[in-house]
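K.L.:
Handing you a structure now.
The values are calculated or read from the model by the stated rules, or taken from the named source; none is laboratory data. Here the structure is a predicted model, which means the values were calculated and not measured. We place every Cβ from the backbone using ideal geometry, glycine too, and count neighbours over all the protein chains shown. Accessible surface is based on the protein model in full, side chains and every heavy atom, while ligands, DNA and RNA are left aside. Shrake-Rupley method; radii C 1.70, N 1.55, O 1.52, S 1.80 Å.
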Number of protein chains: 2
Amino acid sequence: MVKLIALYRKPEDTEEFERHYFGVHMPLVAKIPGLIKSEVSRLTGFPGQESKFFLMAEMYYESTDKMNEAMASPEGKAAGRDLMSFAKDYVVMMTGEIVE
Amino acid sequence: MVKLIALYRKPEDTEEFERHYFGVHMPLVAKIPGLIKSEVSRLTGFPGQESKFFLMAEMYYESTDKMNEAMASPEGKAAGRDLMSFAKDYVVMMTGEIVE
């Protein structure tokens with residue numbers, strides 16, 4: 001299994017950001033074909049310090065091929081366009097291959 | 001549910017690092033009381049670029065209290081000491097509260 005990971009730095013207006021993120025972006029992500037599950041977490045530094053990142057989303061796919069297909073689908077492209085519209089300056093994207 | 005997240009920057013000797021990580025460190029982590037599950041992923045930048053981080057571990061606990069108890073246990077302390085012995089310069093720790 002693989003996952004697409006989005007780490008978000010803290011935006012200036014977290015309230016507006018979260019409204020768009022949970023109200024618009026995640027519903028678009030949920031429509032992407034091949035998505036097995038997703039997990040969104042609010043982040044804090046450990047131990048108890050401020051974290052560079054404030055939100056992390058992990059979106060699971062069966063394989064790298066399935067993930068690439070998903071990103072190239074109309075739904076994947078729509079979610080990608082939306083991401084760039086509100087989070088371009090805050091997001092760091094990575095992929096993870098689950099090994100253990 | 002909450003999770004302790006460890007993001008690892010790429011060490012100079014990845015082979016030696018992984019030998020210790022998978023052979024010594026994760027077995028110590030597995031002994032920590034209250035750990036519900038853990039997930040380790042190899043990271044790549046998206047799309048296809050090099051990532052600042054090369055490994056991520058996520059360790060799930062029922063609550064922040066349970067996680068703090070786990071970290072304060074002898075097994076938690078042993079895993080923490082081991083982490084500092086081989087990964088002090090590479091690891092960034094965060095906690096995540098799962099919201100969705």
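K.L.:
Against the definition (within 11 Å of chain B (Cβ to nearest Cβ), in contact with a Gly (Cβ under 6 Å, 6 or more places away or on another chain) and either surrounded by 15 or more Cβ atoms within 10 Å (Cβ to Cβ) or in contact (Cβ under 8 Å) with a residue 12 or more places away in the chain (or both)), how does A:Ser38 come out, yes or no?
P.N.:
Numbers: within 11 Å of chain B (Cβ to nearest Cβ): yes; in contact with a Gly (Cβ under 6 Å, 6 or more places away or on another chain): no; either surrounded by 15 or more Cβ atoms within 10 Å (Cβ to Cβ) or in contact (Cβ under 8 Å) with a residue 12 or more places away in the chain (or both): yes.
In short, no.
K.L.:
Across region A:1-23, which residue is nearest to A:Lys37 (Cα to Cα) among those that are without any contact (Cβ under 8 Å) to a residue 24 or more places away in the chain and open to solvent by 60 Å² or more (accessible area, probe 1.4 Å)?
P.N.:
A:Arg19
K.L.:
Those residues that are within 14 Å of chain A (Cβ to nearest Cβ) and surrounded by fewer than 17 Cβ atoms within 10 Å (Cβ to Cβ), I need them from region B:75-87; list them, please.
P.N.:
B:Lys77, B:Gly80, B:Met84
K.L.:
Shifting gears a bit: All but one of (1) of a type in the set (A, V, I, L, M); (2) open to solvent by 20 Å² or more (accessible area, probe 1.4 Å); (3) more than 13 Å from every other protein chain (Cβ to nearest Cβ) hold for A:Ala72, so report the exception by its number.
P.N.:
Going through the list (1) of a type in the set (A, V, I, L, M); (2) open to solvent by 20 Å² or more (accessible area, probe 1.4 Å); (3) more than 13 Å from every other protein chain (Cβ to nearest Cβ), A:Ala72 breaks only (3).
K.L.:
What's the number of the only condition in (1) open to solvent by less than 80 Å² (accessible area, probe 1.4 Å); (2) within 12 Å of chain A (Cβ to nearest Cβ) that B:Glu50 fails to meet?
P.N.:
It fails just one condition, (1).
K.L.:
Here's a follow-up. Could you give me the residue pairs with C-beta distances under 6 Å whose first residue belongs to region A:46-57 and is part of a strand (DSSP E or B), whose second residue is among the polar types (S, T, N, Q) wherever it lies, and which are 6+ apart or on separate chains?
P.N.:
A:Met56/A:Ser41
K.L.:
Also: Look at A:Met26 and say whether it is within 8 Å of another protein chain (Cβ to nearest Cβ), of a type outside the set (Lys, Arg) and touching a residue at least 40 places away in the same chain (Cβ under 8 Å).
P.N.:
Working: within 8 Å of another protein chain (Cβ to nearest Cβ): yes; of a type outside the set (Lys, Arg): yes; touching a residue at least 40 places away in the same chain (Cβ under 8 Å): no.
No, not satisfied.
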